[in-house]
1. Kindly indicate whether LEU318 is in the same structural domain as THR199 (by TED's automatic domain parsing) and touching a residue at least 12 places away in the same chain (Cβ under 8 Å).
2. Considering only residues that are part of a strand (DSSP E or B) and out of contact with any Lys or Arg (no Cβ under 7 Å at 6 or more places or on another chain), look in the stretch 96-129 and name the one that is farthest from SER336 (Cα to Cα).
3. Going through LEU348, LEU287 one at a time, which residue ends up being farther than 30 Å from PHE387 by Cβ and among the hydrophobic types (A, V, I, L, M, F, W, C)?
4. VAL93 passes all but one of (1) in the same structural domain as THR170 (by TED's automatic domain parsing); (2) assigned to a helix (DSSP H, G or I); which number fails?
5. If ARG319 satisfies all but one of (1) farther than 30 Å from VAL93 by Cβ; (2) modelled with pLDDT of 90 or more, what's the number of the condition it fails?
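The values are calculated or read from the model by the stated rules, or taken from the named source; none is laboratory data. Predicted, not measured: the structure shown is a model, and the values here were computed from it. Note that each Cβ is placed from the backbone with ideal geometry, even for glycine, and that neighbours are counted across all protein chains shown.
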Amino acid sequence: MTQASRASTARARPFRPVRRACWRRSRRNSEPRLDSHSGAGRRRGLRGHAGAANRSAAGKRLRIPLGAVAVNDLADRLQAGDRRALAKAITLVESTRPDHREQADALLTELMPATGRALRLGISGVPGVGKSTFIEAFGLLLLERGHRVAVLAVDPSSSVSGGAILGDKTRMEQLSMDVRAFIRPSPSSGTLGGVAEKTREALLLCEAAGFDVVIVETVGVGQSETAVAGMTDLYVLMQLPNAGDDLQAIKKGVMELADLVVINKADLDAAAATRAQAQITSALRLLPSHAASVQRVLQVSALKADGIAPLWQAITDLRTSREASGQWQSRRREQSLAWMWERLHAGLRQAFVSQPGMADRLAAATEQVRDGFTPPSTAARQLLAAFESRSTAS
C-alpha cells in the first residue's frame, strides 16, 4: 500500500474513543458513580464489588443498602484505609437527601467504636495569615514523625451564587501527594462559625480511617467565629506580626478561646513579630479564662518551616497535662452534648418548616412583622403555638 493510500484510509477510518472507566459525579444525587463504556468496566465497578462483598459476608451482619454498596461494606473499607471509601463516606454525611441521612446515621453508629483516639486540632486566622502554608509545613513534620494526618479545610461559600472554590489542596501540593495524608475541602454553605455543617461527622470518619491527627482549617475568621473551638481538643489561632495593639487583641472573641497563639510570617519583620508576641501575651493575662493558665504565644515562619517543631512540642505538652488532669476527657464529653443539642435544634427547625400548613403561616407572620403590624416576639409565640397544636393533633 502506497503512502497516499494509507493516508486516505486513515482519513476515512472513523474515530473510536478509547474505552475506559472514569469517576463522575451524578447531577441528580451526590453519590459518586462509575461510568464505563465497556462491559468489563461495569463488571469490575462498584456494583460488582458490592455484590461480591455482600455474597461473601451474607448472614454475618445486617446490611443497609447504600446505593450499590452496603453501609457495612463501606465501613470495612474505610477502616482498612481505603481513601476512596473515606471520601465517599464524607460525601454521604454531607448529603441532604433524607435516605442518605439515614444511611449516614447507620454508618456513624457502625464506626463509633473506632473513633476518639486522634488529636483534633483547630486552626483559625484572618484571611491571608498563611493557614494553608502553615498546615502543609506542620503536616509534613508530623508525617516525618510517623503520624497520619487528615485535613478538613472549610472554604467560604458565595452569598450570591452559593458556590465555593475548594482550592486548598492546590496550596498544599506536597502534603496532598503523600498517601499518609488526606485533605478534604468542604463549602461552608452559609454555616456560621468558620466551619461546615457536617465538619464533626467528617472528623469522626477520619478518626475511624486511622488518622491520628485531624486538623480543621476554618475560613478566614474575624472576631466572633468560634465554632471550631467547640469541636476540637486544641484551638490554635494564627496572627500576623502587625495585628493591632493590646486592646485589639482583647476585643477578639476567638482570642480568649485559643489554647495557643501563633505569630506567622515572623521572618518578614522580626521586630514586629516580637512586639506582637509581647502585646498578645500581656493582653491575654487580662482575660479571666487565661488569668490562671499558661498560654503560649509562639513565632513561626511557615514558608521556611521555622518554629514548627517547638509548636508541636507545645501541643504535646498541653495534651499530656490535660489528659493527666482529666480536662481532656471532660472537654470531649461537653462537646458531644453540645453537638447533640445543636443537631436537635436544627432538626426542630426543619420539622417546623416542613409541618403541613406551617409554611403559609410563616409567610403570613413574616409579612406582618416586616410591615410592622406584629411584634416579632408575638409572631414567634403564635407560630410555636400553632406548631405545637398541629404536632399534638397528628
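1. yes
2. Our first condition is that a residue be part of a strand (DSSP E or B); within the stretch 96-129, this holds for 119-125.
Next, only the ones that are out of contact with any Lys or Arg (no Cβ under 7 Å at 6 or more places or on another chain) stay: 120-122, 124.
Values: ARG120: 13, LEU121: 16, GLY122: 16, SER124: 21 Å.
The extreme case among them is SER124.
3. Values: LEU348 fails: farther than 30 Å from PHE387 by Cβ.
Only one candidate passes the filter, namely LEU287.
4. Unmet condition: (1).
5. If we test ARG319 against (1) farther than 30 Å from VAL93 by Cβ; (2) modelled with pLDDT of 90 or more, just (1) comes out false.
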